[in-house]
Structure formats: structure tokens, C-alpha cells
Amino acid sequence: MKQRIEPSRGLRGTLTIPGDKSISHRSIMFGSLAEGDTEITGFLYGDDCLSTVGAFRSMGIAIDVTDEKIVVHGKGLHGLTEPDNYIDVGNSGTTIRLISGILAGQAFNTVLTGDDSIRKRPMGRVMKPLSAMGAKITGRKNNTLAPLAIEGTALQAIHYDSPVASAQVKSAVLLAGLYADGWTSVTEPSLSRNHTELMLKSFGAEIESEGTTARVKGNPQLKGQIIEVPGDISSAAYPLVAGSIIPGSELHLKNVGLNPTRTGIIDVLLDMGADITISNERTSGGEKMGDLTVRSAKLHGTTIAGDLIPRLVDEIPVIAVAAACAEGVTEIHDAQELKVKESNRLETVAQGLRAFGCEVEVLDDGLRIAGGKPLQADAVCNSFGDHRIAMSMTIAALAAEGAAEIEQFEAVSVSWPSFWADIQGLEVK
Ligand code: S3P
């Protein structure tokens with residue numbers, strides 16, 4: 001589906017940001033492995049998280065979904081049953097990688113697959129540590145790609161030094177560790193999001209973190225919880241950038257997750273000169289949240305690299321849009337991981353911004369963006385089936401000198417189904 005976007009005259013108002021995708025996935029997974037009911041409010045009803053709901057339903061877990069809340073009727077660590085078909089994870093990397101860790105330790109076999117994008121994304125990064133724990137997993141292309149076949153078996157605890165800062169890898173190993181005797185630990189090169197550690201702890205697991213190492217003790221008794229999912233800061237990133245770069249804007253974003261492993265976007269935008277304030281800070285289930293206000297401001301270029309990258313990894317496409325509108329050059333380094341996301345985001349962002357006449361160079365490990373030139377009218381961009389590219393190019397289009405078109409716009413349903421209606425509701429008439 002093609003979406004035509006007219007330039008914005010300013011965005012004003014209050015927005016409820018959809019639920020955090022990472023936390024929503026985990027609430028279904030851990031709720032399924034817990035004893036008793038888990039009640040979830042603020043859940044993200046996007047395609048990815050619904051793939052996780054489908055996966056656990058197919059393994060015998062009753063999950064009641066209503067508009068107000070989700071109730072997962074957990075059956076304990078050993079309560080899952082063999083699905084009678086393969087599990088389709090759709091576009092969701094979090095679903096396939098995290099449940100691989102859970103499925104490796106079951107007393108049954110499973111097959112996992114997903115859409116064209118997921119079948120191109122690297123799975124060796126979870127298969128390698130899981131195999132070291134004794135898991136029996138095979139996949140296409142010499143055990144690197146989905147579909148994956150998992151033969152459930154007994155697992156051994158390990159320590160894993162991960163070569164990548166990836167919460168999906170870390171979480172897969174820790175979840176497999178629930179099924180192994182003793183302590184399973186993972187050290188990563190920089191700290192990635194720690195929602196698995198925080199939520200497993202609230203469910204009653206023995207789990208500890210120190211620096212970039214997390215460790216969990218096997219065979220815990222997990223107990224159903226009440227979970228309030230905060231708004232996803234990765235989704236808040238779009239109105240944060242739009243509100244900054246579109247003159248005359250003022251936006252209030254309610255209940256946004258502010259876990260420090262995720263707030264790199266706020267640090268970077270502030271560093272670029274943005275006007276963002278945080279209020280009503282509080283904590284629920286170990287997760288920080290609060291309200292954000294953004295007003296338009298003049299931005300300037302910056303450099304983003306190192307330990308900051310995992311704290312804003314999903315926000316780089318929309319940060320690139322901010323950089324295109326900022327005075328001066330922005331360089332992004334140490335961001336090779338973007339090549340293996342839902343699309344090769346270094347290439348797809350560069351292609352999108354170039355359609356607006358922006359000068360972008362793709363580097364080995366990032367991007368170099370020459371900002372400050374007005375974004376041209378009549379751009380035609382493709383999302384390449386990637387939700388974050390569709391939303392980022394929408395923000396660029398709103399800030400452009402004339403109308404633009406985004407092809408394959410429907411990808412937004414992966415993480416923000418009502419994105420376009422919500423943004424249109426903020427337009428100054
Ligand atoms: C996620 C981890 C990140 C992120 C993804 C969600 C998670 O992926 O990009 O959108 O929920 O654990 P990596 O672990 O591959 O960095």
C-alpha cells in the first residue's frame with residue numbers, strides 16, 4: 001500500500017505511545033512459563049507481539065485477549081505442549097530468537113519459520129551458544145538460517161562470551177538457562193536492553209547482573225504477575241524527532257518507558273540541541289517510565305558510536321532523519337548490526353533520505369549524513385517491508401518542502417498499527 005504524505009504545518013497535542021514491543025513479547029513468554037495467571041495492560045497489539053501470542057497458544061497456553069488487557073494462564077516451566085504444526089513468527093526476530101532458547105529445553109520438537117525477512121536474518125548467533133548448552137538445533141544454509149528445527153533435550157549451564165551486544169542473543173541463552181542446572185551467564189561487549197533480566201526477577205527467578213554480565217539460576221519457580229507495559233521509547237522516537245524538526249510543534253507523550261538501556265535517543269537528541277523534558281518519573285516492575293514533552297528546536301549534527309549504539313539501535317533510522325534536518329555533519333559508527341535488522345537499515349535509510357535530496361554516505365559501520373539542506377518535495381520512498389523505515393520516512397516527508405509517497409507503508413503494523421491515524425490527529429489544521 002502506498003501512503004501519500006503532505007508536509008506538516010506543525011504537530012501539537014498529547015499522544016499515548018503504543019506498548020513496548022520488547023516488554024510485550026516477554027510478558028507473554030514469561031507469563032506462559034509461570035504458574036498462575038499473568039495480567040498485562042498496555043500490551044502492544046502489533047503483528048510481532050501477536051506472533052508471540054500465537055506461538056504460545058499453539059503450545060497449549062490459554063491467552064485471553066481483550067482491548068483492555070491480556071491474561072496469560074501460565075502452566076509452569078514444564079507446562080508447554082508440542083504444537084501440531086510449525087510455529088510462524090512472521091517478521092519477529094525477538095520471537096524466533098527468544099523462543100529458541102525456551103524450546104531447546106522442552107521435552108518435544110518444534111519447527112520455527114517466518115516471513116521473507118526473517119528467513120534471511122542470522123540465526124547462528126543464537127544456535128551457537130544454545131548448541132554449546134547441548135541444544136539440538138538445525139537450520140538452513142549450514143545451520144545459520146530459519147526455518148529452524150529444534151529437538152528438545154536436556155541442557156547444561158554455560159558461560160557465554162557473546163561477540164555481539166544483542167538482547168536477543170543474551171535472552172535466548174538466559175531462557176535456555178532456566179532449563180539447565182546451576183548458573184548460566186552471558187557477557188556482552190556493551191550492555192544491551194535488560195528487560196529479560198528485570199522481568200524474570202519480578203517473576204521470581206534468581207537472576208543477577210553486574211556490568212555487562214547477566215546470570216540466571218536454573219529451574220526456578222516462576223509466579224504469574226501483574227504487568228504494566230510502558231509506551232515504547234522506540235515508537236516515541238518518531239514523534240520526538242517530528243516534534244523537534246517540524247517548526248511550531250509541541251507534543252506531550254504519556255507513559256513512555258525510560259529504562260536507561262533504551263534512552264540513548266533522548267541523550268542524542270538533547271546533544272543535538274532538542275528541547276525535550278521529562279516529568280512524572282516512576283517505576284513499575286523494575287521498569288522506569290515517565291512523560292515526555294518535546295518542542296521544536298534547531299538541531300545540529302553529532303557523532304554517535306560505541307556503547308551508545310545498543311541504547312538506540314532501533315532508533316538510528318529516525319535519528320538519521322533528525323540528522324538530515326540538523327545543521328552540519330552527523331556520523332554514526334559501530335552500527336554494523338543495522339545491516340541484519342528487518343532490512344539492511346544502513347542501505348534502506350540512505351536510499352530513503354537520498355530520495356529527499358539528502359547527501360548520505362554508507363560507511364562500513366554506519367552512516368555519514370550532511371544535514372541542513374531542505375528536504376525536497378516529490379520523494380518516493382520504499383519501506384522495504386521494514387516498519388521503522390516506513391515510519392522514519394513518514395517523519396522526513398512531514399518535514400519536507402512538498403508531498404512524498406511511501407511504498408509498502410503497511411509495514412507499520414508490526415509495531416504501531418495506528419501510526420498514521422495517530423500522527424494525523426496531531427496536525428495543526
Ligand atoms: C530486541 C532486541 C534488539 C532490537 C529488537 C528487539 C529485544 O535486537 O533491535 O528490535 O526485544 O530483545 P538485537 O538483540 O538483535 O540487537
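The values are calculated or read from the model by the stated rules, or taken from the named source; none is laboratory data. The model shown is predicted, which means the values in this text are computed figures rather than measured ones. With ideal geometry, Cβ positions are generated from the backbone for all residues, glycine too; neighbour counts draw on all protein chains shown. SASA here: full protein model, heavy atoms, side chains in, ligands and nucleic acids out. Shrake-Rupley method; radii C 1.70, N 1.55, O 1.52, S 1.80 Å.
Of the candidates Ile319, Ile369, the single residue that is within 16 Å of the ligand (Cβ to nearest atom), within 24 Å of Ser190 (Cβ to Cβ) and among the β-branched types (Val, Ile, Thr) is Ile319. Under the condition of being among the β-branched types (Val, Ile, Thr) and crowded, with 19+ Cβ neighbours inside 10 Å, the residues counted in segment 50-79 number 6.
Could you list, in sequence order, all residues of segment 163-186 that are more than 17 Å from the chain's Cα centre (by Cα) and either open to solvent by 30 Å² or more (accessible area, probe 1.4 Å) or within 10 Å of the ligand (Cβ to nearest atom) (or both)? Across segment 163-186, the qualifying residues are Pro163, Asp181, Gly182, Trp183. Within the option set Ser27, Ser32, Ser22, being in contact (Cβ under 8 Å) with a residue 40 or more places away in the chain and out of contact with any strand residue (DSSP E or B) (no Cβ under 7 Å at 6 or more places or on another chain) holds for one residue only, Ser22. Is it fair to say Glu197 is within 16 Å of the ligand (Cβ to nearest atom), without any contact (Cβ under 8 Å) to a residue 60 or more places away in the chain, in the same structural domain as Ser58 (by TED's automatic domain parsing) and among the acidic types (Asp, Glu)? Yes; evaluated as a whole, the condition is true for this residue. Among the conditions (1) in contact with a helix residue (DSSP H, G or I) (Cβ under 9 Å, 6 or more places away or on another chain); (2) farther than 18 Å from Asn194 by Cβ, the only one that Asp291 does not satisfy is (1).
For (1) assigned to a strand (DSSP E or B); (2) in the same structural domain as Pro374 (by TED's automatic domain parsing); (3) more than 16 Å from the ligand (Cβ to nearest atom), each residue gets a yes or a no:
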residue	(1), (2), (3)
Arg9	no, yes, yes
Arg12	yes, yes, yes
Leu15	yes, yes, yes
His25	no, no, no
Met29	no, no, no
Glu39	yes, no, yes
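In summary, Arg140 fulfils each of the numbered conditions (1) within 15 Å of the ligand (Cβ to nearest atom); (2) over 24 Å from Ala165 (Cβ atoms) with the single exception of condition (1). Within segment 115-151, take every residue that is open to solvent by 20 Å² or more (accessible area, probe 1.4 Å) and part of a loop (DSSP other than H, G, I, E, B) and give me the one that is farthest from Gly177 (Cα to Cα). Among residues in segment 115-151 that are open to solvent by 20 Å² or more (accessible area, probe 1.4 Å) and part of a loop (DSSP other than H, G, I, E, B), the one farthest from Gly177 (Cα to Cα) is Asp116.
Here the strands (runs of 3 or more DSSP E) wholly within segment 331-403 that include at least 3 residues being open to solvent by 10 Å² or more (accessible area, probe 1.4 Å) and farther than 24 Å from Phe419 by Cβ are 359-363, 366-371. The sole residue among Gly105, Gly60, Gly90 that is out of contact with any Phe, Trp or Tyr (no Cβ under 6 Å at 6 or more places or on another chain), farther than 23 Å from Val229 by Cβ and part of a loop (DSSP other than H, G, I, E, B) is Gly60. Evaluating Met289 against the criteria (1) open to solvent by 20 Å² or more (accessible area, probe 1.4 Å); (2) touching a residue at least 24 places away in the same chain (Cβ under 8 Å); (3) part of a strand (DSSP E or B) leaves one unmet condition, (1). Just so you know, in segment 255-274 the residues that are part of a helix (DSSP H, G or I) and not acidic (Asp, Glu) include one that is farthest from Val313 (Cα to Cα), and it is Leu270.
Quick one: which residue in Thr283, Thr277 is open to solvent by 40 Å² or more (accessible area, probe 1.4 Å), of a type in the set (S, T, N, Q), closer than 23 Å to Gly211 by Cα and in a strand (DSSP E or B)?
Result: Thr283 is the single residue among Thr283, Thr277 that is open to solvent by 40 Å² or more (accessible area, probe 1.4 Å), of a type in the set (S, T, N, Q), closer than 23 Å to Gly211 by Cα and in a strand (DSSP E or B).
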